[in-house]
Amino acid sequence: MEVQTQSEKTTKMAGGGVNSPQSTSDNKDNVVVSNLKLERMLSMKGGKGEASYVNNSQAQGQHARSMLHLLKETLDGVQLISSSDNDIPFVIVDLGCSCGSNTVYIIDVIVEHMRKRFEKTDQQIPEFSAFFCDLPSNDFNTLFQLLPPLASNGMEECLASNSHRSYFAAGVPGSFYRRLFPARSIDVFYSAFSLHWLSQVPDVVLDKQNVAYNKGRIYIHGANESTTKAYKKQFQSDLANFLCARSKEMKRGASMFLVCLGRTSMDPIDQGGAGLLFGTHFQDAWDDLVQEGLITSEKRDNFNIPVYAPSIQDFKEVVEANGSFTINNLQVFRGGSPLVVNHPDDAAEVGRALAISCRSVSGVLVDAHIGEQLGDELFTRVERRAARHAKELIEKLQFFHIVASLSLV
């Protein structure tokens, strides 16, 4: 999963600066930290610890597997390389790959499906190349440790053993809201659970003088209309940039499969599952820190989660305005709960699962804003609050996704 920013912009948080755990109240330090870009700071939680993305991305994996039939329909529409061009590799990109095993699994699925398509047409199977793309702050080291070695003796060795991969692999650090690849070089773009992350928190949301100022909240779920409009505008601007970049990078006959958090309500104030994840117990935990005097209300108000769950109409408007793509499929897909628990009736386990899930995707931002120690305090309160509402979370916390299959016009 990926969070991006435009290179010429910075995101100011925590009262005008992003405070690292080592930062002090000294103005000079805050000025330096405020120039850090979200792109250089943000990632899913790396490593292999309890709250790491590697150990807390099972739900994303389950949701991705439930959509494989839609992915394969998209792959069936990809134009095969002609036999005269068999020295040209077939290139696949996962945009927002993060650092877990899900991306490796998906690339394997895509390669295997395309290999079978080439076999059925009696064409020579080309070499495959896969690029794993995410922000520079992504834990690429953990990701690369999950990659099996390349089959040295070709496809035959790969088919004879599950311990080898049948594609060349490389990491590409950078924002997918900009160009990342040469023109007309990519056959398949895949991106799942990433495009709902905005390039930045809209400036007006952090401006006390603006009607869109999100006072008292750390997310837009339940916020005022001006705030939600600002988030929608940012999402659509980011998506437009994303599509513009991909339209130049895709080969003729290439396809793109996109999945992001979505909502069923037409009103962006209701952010659906994302709203329940970030706008209830997580929000209340921030309020706890304020009420207990651990942080100021201003500190809380200057933290906003840069996530927008679009409606299908929000998404469609941008694709149609871009004009470069044919919409082969666009739907809202019920993904299920983000919580993976062994005992749904165990309130403590549910509370712990929600806190860890929330921390795995937002912990880096939280720690940068208030420091790791206060981050621990925050997520302890998230866990306690979630445990008290465990039954409601099991029944109501459901993610819906926007699923799009696009090809060049």
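For the reader, a short list of remarks on this structure follows.
- Residue 375 being surrounded by 19 or more Cβ atoms within 10 Å (Cβ to Cβ), in contact (Cβ under 8 Å) with a residue 12 or more places away in the chain and in contact with a helix residue (DSSP H, G or I) (Cβ under 6 Å, 6 or more places away or on another chain): yes
- Taking (1) in a helix (DSSP H, G or I); (2) touching a residue at least 60 places away in the same chain (Cβ under 8 Å); (3) surrounded by 18 or more Cβ atoms within 10 Å (Cβ to Cβ) in turn, residue 321 satisfies each apart from (3).
- Just one of the numbered conditions (1) over 30 Å from residue 185 (Cβ atoms); (2) touching a Phe, Trp or Tyr at 6+ places or on another chain (Cβ under 7 Å) is not true of residue 249: (1).
- Evaluation of residue 195 against (1) modelled with pLDDT under 90; (2) in contact with a strand residue (DSSP E or B) (Cβ under 9 Å, 6 or more places away or on another chain) (one fails), failing number: (1)
- Filter result for residue 257 (over 15 Å from residue 306 (Cα atoms) and outside any loop (DSSP other than H, G, I, E, B)): yes
- Residue list for region 288-318, filter: open to solvent by 20 Å² or more (accessible area, probe 1.4 Å), of a type outside the set (A, V, I, L, M) and either without any contact (Cβ under 8 Å) to a residue 24 or more places away in the chain or assigned to a loop (DSSP other than H, G, I, E, B) (or both): 291, 292, 293, 296, 316
- Close pairs from region 195-213: first within 26 Å of residue 256 (Cα to Cα), partner open to solvent by 10 Å² or more (accessible area, probe 1.4 Å) and of a type in the set (A, V, I, L, M), Cβ under 7 Å, at least 6 apart: 196/261; 197/1
- Just one of the listed residues (322, 342) is out of contact with any strand residue (DSSP E or B) (no Cβ under 8 Å at 6 or more places or on another chain) and either at pLDDT below 95 or among the β-branched types (Val, Ile, Thr) (or both), and it is 342.
The values are calculated or read from the model by the stated rules, or taken from the named source; none is laboratory data. Worth saying up front: this structure is predicted, and the values here are computed from it rather than measured. Ideal geometry is used to build each Cβ from the backbone, glycine not excepted, and the neighbour counts take in all protein chains shown. Note: areas computed on protein heavy atoms with side chains; ligands, DNA, RNA excluded. Shrake-Rupley method; radii C 1.70, N 1.55, O 1.52, S 1.80 Å.
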